[in-house]
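The values are calculated or read from the model by the stated rules, or taken from the named source; none is laboratory data. If you're wondering where the values come from, they're calculated on a predicted model, not measured in any experiment. No Cβ is skipped: glycine too gets one built from the backbone with ideal geometry, and neighbour counts run over all protein chains shown.
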Amino acid sequence: MARGPRQLLAQPVADALQSALPGIVTAVTDEWVEVASDRVDEALRWLHDAPAWDAAQLSNLTSVDRHTHFEVVYHLQSLDLNHQIVVKARVADHENPVLPSAYPVYKGALLQEREVYDLMGIRFQGHPDLRRLLLWEGYPGFPLRKDFLGIGHGQTTGLQRFPFEDKAAPDRMINAGNIITGERHSGDAAHTGGGHH
Amino acid sequence: MPPIPAIDELSVTLAHYLIVSGVIFGIGVVIALAKRNAVAVLMGVELMLNAVNLTLLAFSRFSSAFPAGEEPLTGHAFVVFVLTVAAAEAAIALALAVLVYRRRETVDLDRVNLLRW
Amino acid sequence: MPASTEPYVLNIGPQHPSTHGVFRLRVVMDGEVIRDLDMIVGYLHRSMEKLAEERTYTQNIPFTDRADYLAAMSSNLGLALAAERLTGVVPTERSQYLRVIFAELQRIASHAMANGTLISDAGAWQTPLLYMFREREKILDLFEMTCGARLTTNYMRIGGVSFDPPPEFWPALAELVAELPERIDEYFELLTDNEIFLGRTRNVGIISPEDAINGSLTGPALRGSGVPWDLRKAEPYCVYDRFDFDIPVGTVGDVYDRFMVRMEETKQSVRILQQAMAEIPSGPHKNDVALALRPEPGEIYSRVESPRGEIGFYLVSDGTPAPYRFHLRAPSMINLSLLREMGVGSSLPNAVVTLGSLDIVVGEIDR
Amino acid sequence: MDSPGIIVAFWLLSGITVLSALLVFVARNLLHALAFLVLSFLGMAGLFMTLSADFIAVAQILIYAGSISVLMVFAVMLTPLASRNNGNSLYVIPALMGGAGIAGLVGAVAMETDWAEHSGEALKAADFPSTVPVIGDLLLGRYVLAFEIASVLLFIALLGAILLVHERPEDERSAGQQGEAQ
Amino acid sequence: MSDQPLRRPATPMLQQIAARPTMRGTLLGVPLGVKVIGALFGLAFLALNAAIAYVVIDGRLDGKWYDFRDLGNAVESLRGWTEDEGFHPGVIYGISALLGGLGILSLVGVWLIIGPWVERRVIAKFQIRVGPNRNGPFGLFQSIADALKLMQKEVIIPRGADRFLYFVPPVMIFVPALLGWGPIPWAEKMAYIDLDVGILFTIAISSLGVLAVFLAGWASNNHYSLLGAMRTVAMMVSYEIPISLSLLSVAMLTSSMRLSQIVAWQGHYHVWIIAILPFAAFAFLFASTAEINRTPNDIGEAESEIVAGFYTEYSGMKGGLFMAVELGNAILVGALMSTFFLGGYTMFGLEEWIPGYIILLTKILAVYFLFVWLRATLPRFRLDQLMGFAWKFLIPISMVQVFVVAIEASVFARVTAPALFTLGAFAIVNLSITILLVKLWADRLGYAVIQHPTKPVLTQAVGGLRAAERIRKPA
């Protein structure tokens, strides 16, 4: 199986994780550690803080649609120790996928989680500003899902109103709160558009 | 149809300037009294000062109270002082307007009706 | 109540001289001060990741051209490398050197563009930009000689590169490499002692190393903050471990440091080019590889150091010729994670320069 | 005053001045009023010019049209939430009457009085080749005290304006606001 | 996938450039007859020059209507003739005014056609490009084509714009740009209105543009416009003060506000005021670039920040008027700069031989070239930097300069030593005072030239935060 040149074997990571946070590891292979989906943020926080693993940077965050469930993949890396750890979370609910946000641990998750939400429809709880990134609010469906074959019958692409965005909330951004001052609104509140087809 | 007067009879005299200055002064008074906005009131005051300047200059030019060529430009010197005072007055008045706005969020003089703001 | 003006919304972009493409910043401003900032992207979204799921690995290489169109070679290389690691194909020795040469040429060209547009954002009336274009043109000429394309090169292949450079390539490259250090010194003279440029860029848009790492910044943005992280050294791919070069890191983390890191990296790239030209072995430029490779089910995350940072490819294979999942980690987009924190509270000119120093390519952000 | 140019200029310029002054009163928008005010100032400068007061005319342009109008612009822009409305208050009728009265009075006096004024050759003799040195001599000679007082006045006005508009630091301001609230 | 890529020659552009005919090659290829005729023309030109030189030395030209060195003579004799013929004074006045107005209008008009071409070609040379070269000879008709295009374009009035105030500013800003040319002397008697208060007039005229800029920005109902307008207004108001102060120094030194007299003073003493008042000249030049919105002070229309500043919303010829004013103002400032500081139409006695207006034009173009050079080289300041520079730096030092010049002017009026000696002493004193003041004041403000800006550290190590700390604080 393929591993990156600097990718750690997952078993020791899983063992350490399991001993520190019992019950958090749900599966492990050579390459990745799978953690309980509702405790991802705990696992990430622990890996970030543990000096032995020092997962200082969230290198990459993406997701895979496995038809029955989603996998969210976190590629963590330590710059000082120069290694890479792959953590996965299995989101079982294919209809209404929810996951804790990694933003409190990694600021770098800000846009990556927005992208995952946009294209795969996974909602990250605790994300300060969960909106669609590449597509516009109100786009029907989440195109990177495997069951997304096209825009459903009777639904428009919304191209007519593309430049004008969401007319219902024209000053959405101003009300979206301020990351800097900590006035945030919850991820749920941001989940306004995007009906499932 | 009355005969068209020769151009010399149309000549402009002191009275012409005084009338123009009186009219502008009157307009300035109306603006200063009738406007609600503090900045507009200031505009009226500036117009009045302008009218006064015109009077001073007109007297300086036409008046034969001084023999020609002797102390003729006193009016000009006075206008310089008026300009100075006008500039100072405008600065202070506009500062006051900004201050009033800061305290009361309006520069409507009808609503600035307390001596203390 | 202070004598402040009403906050108002300013739409910078999608058509704006300093957004470098169809990138839109929606800024709430109070006079000259930015109170809130939001970025709106997606105007160039072409659903590459979805399209890639229908195509073979080789067929996907042109998509990477169109993602980061200013550094097509680097993106090509990223996908080729990822696919090789997934399938176990070994590239030829000569092609490894060719890959290094073209990736470094691309880095010089891209940094020239980035720095040139940064200075244009600072208000110089395009003179430095056009000077930097001079070098970039020569490099693109080299690309054209080799693969027929200048921008969307589609050059790297699984198991090698698509063409061996023609004979006239090598003297042209030698000439370019010989004159580049002189040119770079010229830019240093023109810009590094320019008081206005220093005044505009120093202590503006500072990113601390902690924030840079935590915010997933990579590339010159990370190195400008003083973190010596370069995948060419940290995780040497191709034959980078055979070359002697340094990582330039900034000391303050401001716009000027990011600019200088790029300039210095250009010099280091010239060093690599010199060594690679001297050491390149002869041999085939490509291994014969089946057009439709069927890797075993599995996944790989492989990354290379593009001019903009870590460009990573996350490929999931299910045993068919097409990837089950194809994800491109776009450094341009992820480098913007801290944009709002940097922008809020600064002024419009500073924000424009800061955005310019992050060197975004909208094709890569939107994909 | 025999030059036809001056006669034409007088009627034209006084027309412009009076008309634009009227428009200042009529205009609905404060910034429109400001534009007309500047036009009025410029016409007034032209009138000064017909009185062969070149220095004063240019100073009028510089101070009124160039500076005071910009000051007013800043005042308008610094009071953003106030209305841009150039509306009239309840005093408009008395004000109109007063203004008309003053104008009529001045006009009547101007017309009825037999002014001891220059005309013809004497008026020509009152033309000055250069007003600036004479004004300078007057200002720094006979009226030097007034000149100095005016400079002090300007200085104090500058200081006063700065002090009035000066923003207190954030903490002090909030303390002041709390004090007011109590 | 063929192994043979489509190939083009290595650097097609370079080969094309190499294939171009050179100047020397062109000369060699000229036939003999053409050379002979050319030589004859050259000789005839030399003979003409010699004849002119003879007439000038002989003094036969002096003051005649055909004295081409001063076109004012012709107008003056025309006035004399009409007076003799018994025309009404108004007619005479009108004719001479129209002649002068025609001169100024044609100057500005011709410049508006040539100017863009000059600017674009010169900047192209700076930027290793070719510039406009397609339309007409050397691309000279490019600006005509541009003007035609601008005229044909629809003038779009933005929704919510103040219609009345939207249409006024382009006109309002054009008037001062033309009026400013009035008092400038082109030769001894060649000034349109040789105002007694020329300096004051110049300042007053330049202050008129402020309101037009503000109204343009405000009436457009666009945030970019308003931002640009407020920036420009703030900057123009601030930079009027250094301009006034530096011109005040000039007026005191020459004890006149009449522009022709300032030039005559410089011609009389054979000195340029820039040598005596270097700081005033610098302040004037710098502040003028701010007044006319040129690099490095073009923050009012900084295209990388606020698109086109206060005239973002003006399309067609209305926008074109703003651009034309900007271009015209550039040479107007060049003319003022030459008049006040560079000797105007005088050139150390050369004005006896060469028409003064040509000398002045040369100087104007030299200053204009400086502007273009700056534009092609420098980045832009930030608003706070610019305002700080004006208020903290230019104005205080200019004030000190005014005091020094006041003393010097009174000394100059009383001293009987040779003027050149006194003025030389003033020049040395002023230069040293300026240098000293600038240095002291910069130290006082805590400003120091950045000699060695931080360069990136080169390292072989790889790592994260800990490595960064190691690099920052080497053990």
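Among what's in the range C:182-209 and is part of a loop (DSSP other than H, G, I, E, B) and closer than 30 Å to A:D80 by Cα, pick the residue that is nearest to the other protein chains (Cβ to nearest Cβ).
Filtering the range C:182-209 for residues that are part of a loop (DSSP other than H, G, I, E, B) and closer than 30 Å to A:D80 by Cα, the one nearest to the other protein chains (Cβ to nearest Cβ) comes out as C:R202.
If I ask for residues that are out of contact with any Phe, Trp or Tyr (no Cβ under 7 Å at 6 or more places or on another chain), within 21 Å of E:G100 (Cα to Cα) and within 11 Å of another protein chain (Cβ to nearest Cβ), which ones from the range E:166-199 would you list?
E:V175, E:P176, E:L179, E:I193, E:D196, E:G198, E:I199
Having 1 or more residues that are without any contact (Cβ under 8 Å) to a residue 60 or more places away in the chain and over 18 Å from the mean Cα position of the chain (by Cα) is the bar; report the helices (runs of 4 or more DSSP H) wholly within the range E:239-321 that clear it.
E:259-269, E:303-306
Looking only at the range B:20-42, count how many residues are β-branched (V, I, T) and more than 7 Å from chain D (Cβ to nearest Cβ).
The number of residues fulfilling the criteria is 1.
Which residue, of E:A461, E:A417, E:A427, is away from every other protein chain (no Cβ under 14 Å), among the hydrophobic types (A, V, I, L, M, F, W, C) and not in a helix (DSSP H, G or I)?
Only one candidate qualifies: E:A417.
Give the residue that is nearest to the chain's Cα centre (by Cα), with candidates limited to residues of the range C:189-242 that are buried (at least 23 other Cβ atoms within 10 Å of the Cβ) and of a type in the set (S, T, N, Q).
Here the answer is C:T218.
Regarding the range E:200-213, can at least one residue be identified that is in contact with a strand residue (DSSP E or B) (Cβ under 8 Å, 6 or more places away or on another chain) and either under 30 Å from E:T312 (Cα atoms) or among the basic types (K, R) (or both)?
no
Kindly indicate whether A:L111 is assigned to a helix (DSSP H, G or I) and free of Cβ contacts under 8 Å to residues at least 24 places away in the same chain.
In short, yes.
Based on this model, can you work out whether E:I306 counts as hydrophobic (A, V, I, L, M, F, W, C) and in contact with a strand residue (DSSP E or B) (Cβ under 9 Å, 6 or more places away or on another chain)?
yes
For the range E:54-81, give me each residue that is outside any helix (DSSP H, G or I) and either farther than 29 Å from E:A177 by Cα or in contact with a Gly (Cβ under 7 Å, 6 or more places away or on another chain) (or both).
Result: E:G59, E:R60, E:L61, E:D62, E:G63, E:K64, E:W65, E:Y66, E:D67, E:R69, E:D70.
Report whether or not A:P140 is modelled with pLDDT of 80 or more, over 30 Å from C:K233 (Cβ atoms) and not aliphatic (A, V, I, L, M).
Against the criterion (modelled with pLDDT of 80 or more, over 30 Å from C:K233 (Cβ atoms) and not aliphatic (A, V, I, L, M)), A:P140 does not qualify.
Yes or no, residue by residue, for (1) loosely packed, with under 13 Cβ neighbours inside 10 Å; (2) assigned to a helix (DSSP H, G or I); (3) within 14 Å of another protein chain (Cβ to nearest Cβ):
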site	(1), (2), (3)
E:E83	yes, yes, no
E:Y93	no, yes, yes
E:A97	no, yes, yes
E:W111	no, yes, no
E:I128	yes, no, yes
E:P132	no, no, no
E:I144	no, yes, no
E:A147	no, yes, no
E:I157	no, no, no
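Kindly list the number of the only condition in (1) closer than 30 Å to C:D318 by Cα; (2) part of a helix (DSSP H, G or I); (3) touching a Leu at 6+ places or on another chain (Cβ under 9 Å); (4) within 14 Å of chain E (Cβ to nearest Cβ) that fails for C:G116.
(1)
Does D:A146 satisfy the criteria of being under 24 Å from the mean Cα position of the chain (by Cα) and either surrounded by fewer than 18 Cβ atoms within 10 Å (Cβ to Cβ) or modelled with pLDDT of 85 or more (or both)?
yes
Residues are listed down the side, and each one gets a yes or a no for (1) closer than 26 Å to E:M337 by Cβ; (2) of a type in the set (S, T, Y); (3) over 18 Å from the mean Cα position of the chain (by Cα):
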| site | (1), (2), (3) |
| --- | --- |
| E:A187 | yes, no, yes |
| E:A191 | yes, no, yes |
| E:D194 | yes, no, yes |
| E:S207 | yes, yes, no |
| E:V213 | yes, no, yes |
| E:N222 | no, no, yes |
| E:L226 | no, no, yes |
| E:R231 | yes, no, yes |
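Against the definition (without any contact (Cβ under 8 Å) to a residue 60 or more places away in the chain, small (G, A, S) and either over 30 Å from C:D141 (Cα atoms) or away from chain A (no Cβ under 12 Å) (or both)), how does C:G219 come out, yes or no?
Answer is no for this residue.
Could you check the range A:1-67 for strands (runs of 3 or more DSSP E) lying wholly inside it with 2 or more residues that are away from every other protein chain (no Cβ under 13 Å) and either hydroxyl-bearing (S, T, Y) or surrounded by fewer than 23 Cβ atoms within 10 Å (Cβ to Cβ) (or both)?
A:25-28
Give me the residue from the range B:56-71 that is surrounded by fewer than 21 Cβ atoms within 10 Å (Cβ to Cβ) and within 19 Å of B:V12 (Cβ to Cβ) and, out of that set, modelled with the lowest pLDDT.
Looking at the filtered set, the residue picked out is B:A68.
Of all residues in the range D:1-29 being buried (at least 24 other Cβ atoms within 10 Å of the Cβ) and touching a residue at least 24 places away in the same chain (Cβ under 8 Å), which is farthest from the other protein chains (Cβ to nearest Cβ)?
D:T17
I want to confirm something. Restricting to the range E:168-196 and keeping residues that are β-branched (V, I, T) and either in a helix (DSSP H, G or I) or at pLDDT below 85 (or both), which single residue is surrounded by the fewest Cβ atoms within 10 Å (Cβ to Cβ)?
E:V171
Could you please find all residues in the range A:55-68 being over 14 Å from the mean Cα position of the chain (by Cα) and over 21 Å from C:N335 (Cα atoms)?
Passing the criteria: A:R66, A:H67, A:T68.
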